[in-house]
Amino acid sequence: MRIILALLGLARDLTKGFYLSLIQICTRLFFVSREFPSSISINCQLDVIPRHIGLQWHRLALGKKARIEKWCVVNTWHGDVILEQGSSIGIGSIVIGPVRFGRDSVCAQNCFITGESHLYQDITKRIRSQGYEIAEVVFGDNVWIGSNCVILPGVTIGANSVIGAGSVVTKSIPSSSVAVGNPAKVIMQYSAESGQWLRI
């Protein structure tokens with residue numbers, strides 16, 4: 001009996017794997033808006049085509065020289081994911097829309113960036129059936145997100161800002177700032193008058 005169940009499980013896994021591979025091919029051919037040159041690693045998982053009731057169509061768009069590196073997951077079921085010219089998503093990162101990357105903004109490796117979160121207030125219902133709170137994440141131009149960061153819904157990070165590795169960003173960060181920690185706090189800002197980064 002155990003072997004039969006194992007074989008049935010394997011057959012299901014293989015069938016699902018083939019089905020998901022077809023979805024990835026169709027997604028890349030028909031459902032991603034791209035300018036040339038731009039690149040998406042063949043190892044990425046692009047969740048653009050809705051596969052469940054209640055999910056909606058949204059855009060995945062890449063500008064010139066935008067890049068999504070290997071082992072990333074990009075999900076647009078709750079909002080657009082837009083990478084403007086020269087922006088990139090680093091190896092192993094997960095991006096759940098709505099998220100917008102400004103020009104030349106960089107997300108390093110293994111980041112989690114989400115524009116949606118599950119509602120949980122009603123304890124008489126399963127969390128997964130309570131719906132979502134949606135709030136766009138926006139990165140200005142020339143933003144650097146260090147590795148292993150978490151960026152939560154509704155956050156805006158201003159142009160020319162840097163988020164230190166491992167930070168959890170729960171609130172918006174002004175332009176030309178360096179923020180670190182959990183929760184992330186601004187520790188330096190650029191002074192146009194002195195032309196230097198000043199500690200706060």
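Side notes on the structure shown:
- Qualifying strands (runs of 3 or more DSSP E) (wholly inside region 148-200; at least 2 residues being surrounded by fewer than 19 Cβ atoms within 10 Å (Cβ to Cβ) and over 18 Å from the mean Cα position of the chain (by Cα)): 185-191, 196-199
- Matching residues in region 121-137 - criterion: being among the small types (Gly, Ala, Ser) and modelled with pLDDT of 90 or more: 135
- Region 51-68: number of residues that are modelled with pLDDT of 85 or more and either among the hydroxyl-bearing types (Ser, Thr, Tyr) or over 17 Å from the mean Cα position of the chain (by Cα) (or both): 2
- Test: residue in region 93-108 that is acidic (Asp, Glu) and at pLDDT 95 or above: yes
- Every residue from region 69-106 that is outside any loop (DSSP other than H, G, I, E, B), in contact with a Ser or Thr (Cβ under 6 Å, 6 or more places away or on another chain) and surrounded by 19 or more Cβ atoms within 10 Å (Cβ to Cβ): 96, 101
- If you go through region 107-124 and keep only what is under 18 Å from residue 163 (Cβ atoms) and surrounded by fewer than 19 Cβ atoms within 10 Å (Cβ to Cβ), you end up with 109, 110, 112.
- Whichever residue in region 15-57 is among the charged types (D, E, K, R) and not in a strand (DSSP E or B) and, among such residues, is farthest from residue 79 (Cα to Cα): 16
The values are calculated or read from the model by the stated rules, or taken from the named source; none is laboratory data. Every value quoted in this text rests on a predicted model; they were computed, and no experiment measured them. We place every Cβ from the backbone using ideal geometry, glycine too, and count neighbours over all the protein chains shown.
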